[in-house]
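Any read-out appearing in this document is the output of simple, stated calculations on the displayed coordinates, not a laboratory observation. Predicted model only: the values in this text are computed from it and were never measured. Cβ atoms come from the backbone with ideal geometry, glycine included; neighbour counts cover every protein chain shown.
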Amino acid sequence: MSVGIVIVTHGNTGATLLEVAEFILGESMAEIGFVAFRQSGDQQTTIAEVRTAMARADSGDGVLVLTDLVGASPSNAVVDALEAHSGVMVTGLNLAMLMSVWNYRRQPLDLLARKAVGSGRRGVRVFRE
Amino acid sequence: MIAGNVTIVNKLGLHARAASRLVNCASGYASEIRIVRGARAVNAKSIMGVLTLAAARGAELVIEVEGADQQQALEALTALIEGRFGEDE
């Protein structure tokens, strides 16, 4: 089993994160879906693109959608898309979250969502000299 | 359980790609593997765990391994770190 993963971000943020994560982990993440929200675009178009990406990513084990900023248009589009296609959204995407989600994608959806939140938080630290 | 001491010797330290190689190596063994740096211990099969060690060149680590293939795992991880993760310097 493997949970489908879709990333929805402002502009190409998500594509760049994917590119860097592939470089670090040394493997292709081509099966992760990506939708870019464009300020010039129409919200209904984004919602439709998210639904399409979710349907494509879902192999029967559910879909985890990762977005960059809670309350912003990409996240709001996912909330709307979730009405048509069941899945789980986690906001606050960062590189730590993305790499962990990829590593644990064969875990059940709810557990994977908790991993995403935990790893994303673990990647945020304060360092002093 | 067996354990071994190892020092990070490559120039860039335990950076992201090096951490990924370490996790891949550790994940190839059935044993439970922990990496300890000072008071901090992490699961060697977790990329975020390994990265949060923030281990630069010179950092001294302890590798603790427990399981059927513990000897092979400890040797492989020690060789990987002492071999600078395959990096030139």
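A few points about this structure:
- Matching residues in region A:92-107 - criterion: being more than 19 Å from B:A19 (Cβ to Cβ) and in contact with a Gly (Cβ under 8 Å, 6 or more places away or on another chain): A:G92, A:L93
- Output for region B:2-23, where each listed residue is within 14 Å of chain A (Cβ to nearest Cβ) and of a type in the set (D, E, K, R): B:R17, B:R21
- Residue that is farthest from the other protein chains (Cβ to nearest Cβ) [pool: residues in region B:28-39 that are under 12 Å from the mean Cα position of the chain (by Cα) and among the aliphatic types (A, V, I, L, M)]: B:V36
- Residue in region B:64-72 that is closer than 30 Å to A:A116 by Cβ, among the β-branched types (V, I, T) and free of Cβ contacts under 8 Å to residues at least 60 places away in the same chain present: no
Every residue, every condition in (1) more than 9 Å from the chain's Cα centre (by Cα); (2) within 24 Å of A:V126 (Cβ to Cβ), yes or no:
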site: B:G13; (1), (2): yes, yes
site: B:A19; (1), (2): no, yes
site: B:A26; (1), (2): no, no
site: B:A41; (1), (2): yes, yes
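- From the list A:L69, A:L82, A:L109, the one residue that fits, being away from chain B (no Cβ under 14 Å) and under 12 Å from the mean Cα position of the chain (by Cα), is A:L69.
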